[in-house]
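One structure below.
The values are calculated or read from the model by the stated rules, or taken from the named source; none is laboratory data. Not measured: the values here are computed from a predicted model. Every residue, glycine as well, gets a Cβ built from its backbone with ideal geometry; the counts of neighbours run over all protein chains shown. Accessible surface areas use protein heavy atoms only, side chains included; no ligands, DNA or RNA. Shrake-Rupley method; radii C 1.70, N 1.55, O 1.52, S 1.80 Å.
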Amino acid sequence: MIRAKKVRLRPTEEQEKQLWQSAGTARWIFNWTLQMQEMNYRFGRKFISNNDLRKHITKMKQRPKYAWLNHVSNNIAKQAVKDACDAYKKWFDGRTDKSRLKAEKPHFKSRKKSKPAFYNDNIKLKVKTKLVLFEKVGWVKTSEQLPVNTKYSNPRISFDGKYWYVSV
């Protein structure tokens, strides 16, 4: 049985800065990916694979203009590209969602209106007593204990307007 657990985080000021930077990077990469897919679609070409886009991001990170992308975990960018490509591909292929409605064209994420959230690699997610380790953020205190000795899938960190949460 698959169970979901959402736990409130209690980050320090420095950790909170890193969480905001991670969420902003995920949003920027998502929007950049959609823009690349849009331009490609307008010129009559096929869908760009997420592997090709990830290779392009790796090259971008080497330029001084995009050096800020190196301050967060590489997995955040990878997952943001994957999420954007999945959403675009559903629309591109004309797939339906669970309610049998045609998938909507994905929208760009706004700084003000979208929910700040990002992915953390499940393999690198470590849990101790009321602590959780995020890549490049460090050990963050939690308000309650996450299940220990469990295989986590698709861990996401999000902000609800007041507090940060991790859901696994």
* Asked: Of the cross-linked pairs LYS130/LYS151; LYS5/LYS89; LYS17/LYS59; LYS130/LYS162; LYS109/LYS136, which ones have a Cα-Cα span greater than 22 Å in the structure shown?
  -> LYS5/LYS89; LYS17/LYS59; LYS109/LYS136
* Structure fact -> Among [x] 1.25; [y] 1.04; [z] 0.99, the entry matching Rg/Rh (Cα atoms, Kirkwood Rh) as calculated here is [z]
* Structure fact -> Measuring from the longest principal axis of the C-alpha atoms of the chain, the long axis of helix 13-42 (C-alpha) lies at a number of degrees, nearest 10, equal to 10 degrees
* When the accessible area of the chain is split by element with a 1.4 Å probe, what percent falls to carbon and sulfur? -> 52 percent
* Asked: Angle between the Cα long axis of helix 74-93 and the longest principal axis of the chain, 0 to 90 degrees, nearest 10?
  -> 40 degrees
* To do: Sort out for me the Cα centre separation of region 20-40 from region 52-129, rounded to whole Å.
  => 7 Å
* Inter-label distance, nm, simple model (7 Å from Cα along the C-beta direction), SER49/ASP86 -> 1.8 nm
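What does the C-alpha gyration tensor say about the overall shape of region 97-168? Classify as rounded when a/c is under 1.5, otherwise prolate if a/b is larger than b/c, or oblate. Let's see the in-between values first.
On the way: a/c = 2.49, a/b = 1.71, b/c = 1.46.
Prolate, because a/c is 1.5 or more and a/b exceeds b/c.
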* Counting only heavy atoms of the protein chains, get the accessible area per residue of the chain (1.4 Å probe) and round it to a whole Å² value. => 65 Å²
* Structure fact -> So the angle from the long Cα axis of helix 50-61 to the longest Cα principal axis of the chain, reported in degrees to the nearest 10, equals 70 degrees
* Structure fact -> Residues whose built amide H sits under 5 Å from the amide H of TRP164, excluding neighbours closer than 5 in sequence, are LEU9
* Mind ordering 48-59, 28-39 by average Cβ neighbours within 10 Å, highest first? -> 28-39, 48-59
* Structure fact -> For the pair LYS136 and ARG156, the simple spin-label estimate (label points 7 Å beyond Cα toward Cβ) gives in nm 2.0 nm
* Between ARG10 and GLN62, 0.36 nm times their residue separation minus their Cα-Cα distance comes to what? -> 15.4 nm
